[in-house]
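What follows is a short report on a single structure.
The values are calculated or read from the model by the stated rules, or taken from the named source; none is laboratory data. For clarity, every value in this text was computed on a predicted model and none was experimentally measured. No Cβ is skipped: glycine too gets one built from the backbone with ideal geometry, and neighbour counts run over all protein chains shown. These area figures cover heavy atoms from the full protein model, side chains too; ligands, DNA and RNA do not enter into them. Shrake-Rupley method; radii C 1.70, N 1.55, O 1.52, S 1.80 Å.
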Amino acid sequence: MKIVVLKFGGTSVGTIDRIKKVTNIITKYVKKKYKVIVVSSAMSGATNDLVNKSKNISNNFSNAEYDVLVSSGEQVACALIAGRLIHKGYKSRSWMGWQIPIITDNNHKYSIINQVYRRNIIKYLKSGGIPIVTGFQGINGEGRVTTIGRGGSDASAIIMAKFFKAEKCIIYTDVEGVYTTDPKKLKKAKKIRVISYEEMLEMASLGAKVMQPTSIQDARLSRIDIEVKSSFKNKSGTLITKRKNIINHSIITGISSTQNDAKVTLVGIKDKPGVAASIFKPLSESSINVDMVVQNISANGKETDLTFTIKSDDLSKTRKITNSNKKIKYKKLLFDKNVSKVSIIGVGMITTPGVTYRMFQALAKHKINIQVISTSEIKISVLIDKKNIKKAIVALHKEFKLEV
Ligand code: ADP
Ligand code: ASP
Ligand code: MG
């Protein structure tokens, strides 16, 4: 069976008119003799509305009920797509995660898909049907509905491609593919033709919303090529694939930025072994993810300052935990939400010296102060004042010649 998985994001199914257009894309593949499995997100804005409802009814809304609530947006979109295909004379039906079933672990709100039962869908495909599968949701071992994290329909699609050994997995979205940086923020951003899993994973983790990070990890492990393209324009998009398949690497492939980081500084902590561990232990026990860390060299050998970043959402929890941490002493505890992380990503930097210098120099030229730095083999991230994001992206995009 020649199977293709087509995933449609929120904007692609955002209106009745768009849903009608999406069914034209689906039938195009049916006419090409593909067995089509569709995975759909909720109509744009629907999930956010549901999340807001949960916040308005309780500031401590149950994670299990959150999953039942927010997964409902996908049900609506899938029924509308299937309904339109039936209207056009095709055999189609919607499938909720639990009906397939798509089995996840028990970690409500952030579940991981462990298993997809193939039998029902295969039978349906063989009978000529077009299954329209809800992204984002599954069912756990206790029969409760789960969701797999915001933006999770990408991962749903890739997991479906894996379990059904699809020939292609195409992610249809509202831009033409993966760009050197968010095309909605920088007009000069260029579409990337081919990108490696590793680079895409870094770009996504560091703020490029176009693909959800865990979905890329799943694709990498299962060696599934992904095509990202527009559901509005019939143009070639971006191929996400193995590094080996890519011949021409530029030094830097893309630039990402975040909007939801916060900086925490402990001024005047003791400069002795074990202090950093005492600060981070209770944070990790509360599942607070610490990202960038910098410790200043102490001038007197006794006291130092420690700065780290967390997600803004974790700020009040971090404040509470650190304030009540009896194992540490400090002079001042400072919080700053007006920060943003800007990162350059590219496998080319492994073999090219001087990339760090060029990045810092370009930022310095524009008087952008770097507060914290973190690096890996294929990325350099800097924490800067939020008001300088655009300036920094423009400068770096130019410095690394991404617009030519
Ligand atoms: P969907 O609803 O289809 O899943 P998303 O809103 O999740 O779509 O992701 C698409 C959006 O990602 C684009 O509209 C774009 O603004 C944003 N984006 C951020 N960085 C990039 C990038 N490097 N390339 C393309 N799009 C990006
Ligand atoms: N509808 C879900 C969300 O908004 C899943 C997705 O769009 O991928 O997060
Ligand atoms: Mg998305």
Checking the condition over 28 Å from residue 372 (Cα atoms), among the acidic types (Asp, Glu) and within 11 Å of ligand 1 (Cβ to nearest atom), which residue from 218, 174 passes? 174
So, in the range 197-231, of the ones that are more than 19 Å from residue 4 (Cβ to Cβ) and in a loop (DSSP other than H, G, I, E, B), which residue ends up farthest from ligand 3 (Cβ to nearest atom)? 206
Would you pick out the residues in the range 313-349 that are small (Gly, Ala, Ser) and either in contact with a Cys (Cβ under 7 Å, 6 or more places away or on another chain) or modelled with pLDDT of 95 or more (or both)? 340, 343, 346
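Just to be sure, is residue 304 farther than 16 Å from residue 339 by Cα, buried (at least 17 other Cβ atoms within 10 Å of the Cβ) and under 32 Å from the mean Cα position of the chain (by Cα)? Walk me through it before giving the result.
Working: farther than 16 Å from residue 339 by Cα: yes; buried (at least 17 other Cβ atoms within 10 Å of the Cβ): yes; under 32 Å from the mean Cα position of the chain (by Cα): no.
In short, no.
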Across the range 272-283, what is the total count of residues that are open to solvent by 10 Å² or more (accessible area, probe 1.4 Å) and either in contact with a strand residue (DSSP E or B) (Cβ under 7 Å, 6 or more places away or on another chain) or under 20 Å from residue 336 (Cα atoms) (or both)? 3
If you go through the range 142-161 one residue at a time, do you hit one that is farther than 30 Å from residue 235 by Cβ and either among the small types (Gly, Ala, Ser) or without any contact (Cβ under 8 Å) to a residue 24 or more places away in the chain (or both)? yes
For the range 363-404, how many residues are aliphatic (A, V, I, L, M), open to solvent by 20 Å² or more (accessible area, probe 1.4 Å) and within 22 Å of the chain's Cα centre (by Cα)? 1
Could you list all residues from the range 134-170 that are away from ligand 3 (no atom under 16 Å from the Cβ) and assigned to a strand (DSSP E or B)? 138, 139, 145, 146, 168
Residue 200 vs (1) without any contact (Cβ under 8 Å) to a residue 40 or more places away in the chain; (2) within 24 Å of residue 254 (Cβ to Cβ); (3) surrounded by 18 or more Cβ atoms within 10 Å (Cβ to Cβ): all pass except (1)
Could you go through the range 259-271 and let me know if any residue there is open to solvent by 50 Å² or more (accessible area, probe 1.4 Å) and small (Gly, Ala, Ser). no
Within the range 31-58, restricting to residues that are open to solvent by 40 Å² or more (accessible area, probe 1.4 Å) and among the polar types (S, T, N, Q), the one that is farthest from ligand 2 (Cβ to nearest atom) is 56
Exactly one of (1) open to solvent by less than 70 Å² (accessible area, probe 1.4 Å); (2) over 23 Å from residue 146 (Cα atoms); (3) within 16 Å of ligand 1 (Cβ to nearest atom) is unmet by residue 125. Its number? (3)
Looking at (1) in contact (Cβ under 8 Å) with a residue 40 or more places away in the chain; (2) more than 10 Å from ligand 2 (Cβ to nearest atom); (3) among the aromatic types (Phe, Trp, Tyr), find the lone condition where residue 61 falls short. (1)
Can you tell me which residue within the range 14-28, out of those that are within 16 Å of ligand 3 (Cβ to nearest atom) and closer than 12 Å to residue 84 by Cα, is surrounded by the fewest Cβ atoms within 10 Å (Cβ to Cβ)? 18
Within the range 171-196, which residues are away from ligand 3 (no atom under 16 Å from the Cβ), in a loop (DSSP other than H, G, I, E, B) and open to solvent by less than 70 Å² (accessible area, probe 1.4 Å)? 180, 181, 186, 189, 192
Let me confirm something: among 114, 140, which residue is farther than 30 Å from residue 348 by Cβ, within 21 Å of the chain's Cα centre (by Cα) and more than 15 Å from ligand 2 (Cβ to nearest atom)? 114
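For the range 176-185, indicate whether the set of residues that are under 16 Å from residue 348 (Cα atoms), more than 16 Å from ligand 2 (Cβ to nearest atom) and either touching a residue at least 24 places away in the same chain (Cβ under 8 Å) or of a type in the set (Asp, Glu) (or both) is non-empty.
yes
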Is there any pair with a first residue in the range 10-36 that is within 18 Å of residue 135 (Cα to Cα) and a second that is among the acidic types (Asp, Glu) and within 16 Å of ligand 2 (Cβ to nearest atom) whose Cβ atoms are under 6 Å apart and which are 6 or more apart or on different chains, and what are they? 11/174
Does the range 277-288 contain any residue that is modelled with pLDDT under 90 and either within 30 Å of residue 200 (Cβ to Cβ) or among the polar types (S, T, N, Q) (or both)? yes
